[in-house]
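Written below as structure tokens is the structure these notes are about.
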Amino acid sequence: MKYGREILKNVEGYVPGEQPRMPNIIKLNTNENPYPPSPKVMEALRGLSADTLRKYPDPMSLELRKACASRYGYDSADWVMVGNGMDELLAMAVRTFTDPGDTVLTTYPTYVLYETLAQLHGASAFLVDLDDAFQLTDAFYSTPARLCFLPRPNSPTGVCVPREAVERLCREFDGIVVIDEAYVDFADDDCMGFPKRFENAIVMRTFSKSFGLAGMRVGVAVARPEIIAEFVKTKDSYNLNVASQAAALAAMTDYTYMLNSRAKIRKTRARLMAALTELGFSVPPSQSNFLLAQWNGQPNAKTIFERLRERAIIVRYFPVRRLDNALRITVGTEEETDALLRALGEIVGK
Ligand SMILES: Cc1ncc(COP(=O)(O)O)c(C=O)c1O
């Protein structure tokens, strides 16, 4: 029970009962894509027959894994695992590669679920502070642990460490390195080729962000077939339902649609970044579909968060060290961005 409550609290942006009470909110707190998924996804879902629903899904999600392998430059589905959201794959990595009592390494700040998952498993998380530019320090590479989570781009900062830093980590770290690429489709480059070069590298992606399918819960892990075989041993038998498999397959097949959505978001991101800077926020360079807007003026960041909320604009506020002077803001549509900037102008008096 204790952990159940903890998990609920830690799910990003989850406020029990909040959403149904606020129908017209501008929701910029959980980094969803503001644009709908490809029309091909809706077609695929409408095309599901009653008979397909009556039967169990393919437990190995083979068609989807093949499509991911081929898109990501791998010659067989043996390099790919899919999960019920990337969150399931992150949990699988902890279960597969650590024993209770082991250490899981990650950064501070970062995605809070890594620490929760380690604790749930009886392992402990060791968080090494990022430097002032939210980059890795030397201490990170030399910390002994069984498993390491490195998001690139990171959340909630939006910042990418250089690819060379990830290479160094894969070479020097004596354990499994999970490179969390949840937001990488919004970035300039990626590490998808690393599992070919490093036997300890696992690259994870999600359909929740760039493909606009957060509601379908589909994540992807790419790693050496020996690692994937270990995941297969610990996964739920039917971890992806038929609708999720069909939706993700259709989205992957219509890759150009995702690239268009990405281009729109990157364009709005540049505009939002410039406008926030103009308002007096300091914003680390984001390679993601959100920005960390740091604020040292008056009213303080928490008050700005509350005043936005009164206007039905929901962003993310973290009342924790190094983040309590900032707001994490998802890049929305152009109209949502206009509304946000208008409201912020009123609140901070510009
Ligand atoms: C850094 C990071 N990794 C993983 C995830 C989980 O993605 P999914 O929706 O596929 O479970 C998120 C979700 O917000 C995230 O921010």
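The values are calculated or read from the model by the stated rules, or taken from the named source; none is laboratory data. Being a predicted model, the structure only gives us computed values, none of them experimental. Don't worry about glycine lacking a Cβ; one is built from the backbone with ideal geometry, like all the others, and counts go over all protein chains shown.
Just the residues that are more than 19 Å from residue 256 (Cα to Cα), within 26 Å of the chain's Cα centre (by Cα) and either assigned to a loop (DSSP other than H, G, I, E, B) or not assigned by TED's automatic domain parsing to the domain that holds residue 236 (or both), please, taken from the stretch 37-75.
Scanning the stretch 37-75 gives 57, 58, 59, 60, 61, 74, 75.
Sort out which residues of the stretch 307-327 are surrounded by 13 or more Cβ atoms within 10 Å (Cβ to Cβ) and not in a loop (DSSP other than H, G, I, E, B), and write them in order of number. Spell out how you get there, then give the answer.
Going residue by residue through the stretch 307-327, those that are surrounded by 13 or more Cβ atoms within 10 Å (Cβ to Cβ) are 307-309, 311-318, 322-323, 325-327.
Selection gives 307, 308, 309, 313, 314, 316, 326, 327.
With respect to the numbered conditions (1) more than 16 Å from the ligand (Cβ to nearest atom); (2) within 21 Å of residue 311 (Cα to Cα); (3) modelled with pLDDT of 95 or more, which one is the sole condition not fulfilled by residue 21?
Just one mismatch for residue 21, condition (3).
Is one or more of the residues making up the stretch 261-271 away from the ligand (no atom under 16 Å from the Cβ), closer than 21 Å to residue 42 by Cβ and in a loop (DSSP other than H, G, I, E, B)?
no
Which residues, taken from the stretch 83-127, are within 19 Å of residue 156 (Cα to Cα), away from the ligand (no atom under 13 Å from the Cβ) and surrounded by 19 or more Cβ atoms within 10 Å (Cβ to Cβ)? Break it down into steps so the answer makes sense when it comes.
At the first step, the residues of the stretch 83-127 found to be within 19 Å of residue 156 (Cα to Cα) are 85-87, 90, 105-117, 125-127.
From what is left, the residues that are away from the ligand (no atom under 13 Å from the Cβ) are 105, 108, 125-127.
Across the stretch 83-127, the qualifying residues are 105, 125.
Restricting the search to the stretch 177-200, which residues are farther than 21 Å from residue 258 by Cβ and more than 16 Å from the ligand (Cβ to nearest atom)? Outline the logic, then answer.
Taking the stretch 177-200 first, the residues farther than 21 Å from residue 258 by Cβ are 177-178, 194-200.
194, 195, 196, 197, 198, 199, 200, listed by residue number.
Hey, among the residues in the stretch 27-59 that are hydrophobic (A, V, I, L, M, F, W, C) and touching a residue at least 24 places away in the same chain (Cβ under 8 Å), which one's nearest to residue 236 (Cα to Cα)?
Ranking the candidates gives 53 first.
Restricting to the stretch 43-65, count the residues that are surrounded by fewer than 13 Cβ atoms within 10 Å (Cβ to Cβ) and among the hydrophobic types (A, V, I, L, M, F, W, C).
From the stretch 43-65, those surrounded by fewer than 13 Cβ atoms within 10 Å (Cβ to Cβ) are 43, 46-47, 49-56; that's our starting set.
Checking which are among the hydrophobic types (A, V, I, L, M, F, W, C) leaves us with 50, 53.
Looking only at that region, the number is 2.
If I filter the stretch 274-287 for residues that are outside any loop (DSSP other than H, G, I, E, B), at pLDDT 95 or above, under 30 Å from residue 70 (Cα atoms) and not basic (Lys, Arg), do I get at least one hit? If you could, list the steps in order and put the result at the bottom.
Looking only at the stretch 274-287, we keep the residues that are outside any loop (DSSP other than H, G, I, E, B), and these are 274-279, 282.
From what's left, at pLDDT 95 or above: 274-279, 282.
With the extra rule that they be under 30 Å from residue 70 (Cα atoms), the set shrinks to none.
Scanning the stretch 274-287, I find no residue that is outside any loop (DSSP other than H, G, I, E, B), at pLDDT 95 or above, under 30 Å from residue 70 (Cα atoms) and not basic (Lys, Arg), so the answer is no.
Within the stretch 137-159, is there a residue that is of a type in the set (D, E, K, R), farther than 19 Å from residue 318 by Cα and within 14 Å of the ligand (Cβ to nearest atom)?
Step one: filter the stretch 137-159 for residues of a type in the set (D, E, K, R), giving 138, 146, 152.
Within this subset, residues satisfying the condition of being farther than 19 Å from residue 318 by Cα are 138, 146, 152.
When the remaining residues are screened for being within 14 Å of the ligand (Cβ to nearest atom), the result is 152.
The answer is yes, given that some residue of the stretch 137-159 is of a type in the set (D, E, K, R), farther than 19 Å from residue 318 by Cα and within 14 Å of the ligand (Cβ to nearest atom).
Results for (1) in the same structural domain as residue 219 (by TED's automatic domain parsing); (2) over 24 Å from residue 162 (Cα atoms); (3) touching an Asp or Glu at 6+ places or on another chain (Cβ under 7 Å); (4) in contact (Cβ under 8 Å) with a residue 60 or more places away in the chain, shown as yes or no for each residue.
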residue: 273; (1), (2), (3), (4): no, no, no, no
residue: 285; (1), (2), (3), (4): no, no, no, yes
residue: 293; (1), (2), (3), (4): no, no, no, no
residue: 313; (1), (2), (3), (4): no, yes, no, yes
residue: 317; (1), (2), (3), (4): no, yes, no, no
residue: 337; (1), (2), (3), (4): no, yes, no, yes
residue: 344; (1), (2), (3), (4): no, yes, no, yes
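State whether one or more residues within the stretch 328-350 are touching a helix residue (DSSP H, G or I) at 6+ places or on another chain (Cβ under 6 Å), charged (D, E, K, R), modelled with pLDDT under 95 and outside any helix (DSSP H, G or I).
Yes.
Only one of these is in contact with a strand residue (DSSP E or B) (Cβ under 9 Å, 6 or more places away or on another chain) and buried (at least 24 other Cβ atoms within 10 Å of the Cβ): 218, 166. Name it. Spell out how you get there, then give the answer.
Numbers: 166 fails: buried (at least 24 other Cβ atoms within 10 Å of the Cβ).
Result: 218 is the single residue among 218, 166 that is in contact with a strand residue (DSSP E or B) (Cβ under 9 Å, 6 or more places away or on another chain) and buried (at least 24 other Cβ atoms within 10 Å of the Cβ).
I'm checking my understanding of the structure. Among residues of the stretch 201-249 that are more than 16 Å from the ligand (Cβ to nearest atom) and among the charged types (D, E, K, R), which one is nearest to residue 59 (Cα to Cα)?
Filtering first and then ranking leaves 233.
Would you mind telling me which numbered condition in (1) touching a Pro at 6+ places or on another chain (Cβ under 6 Å); (2) under 28 Å from residue 210 (Cα atoms) residue 122 fails?
Result: residue 122 passes all but (2).
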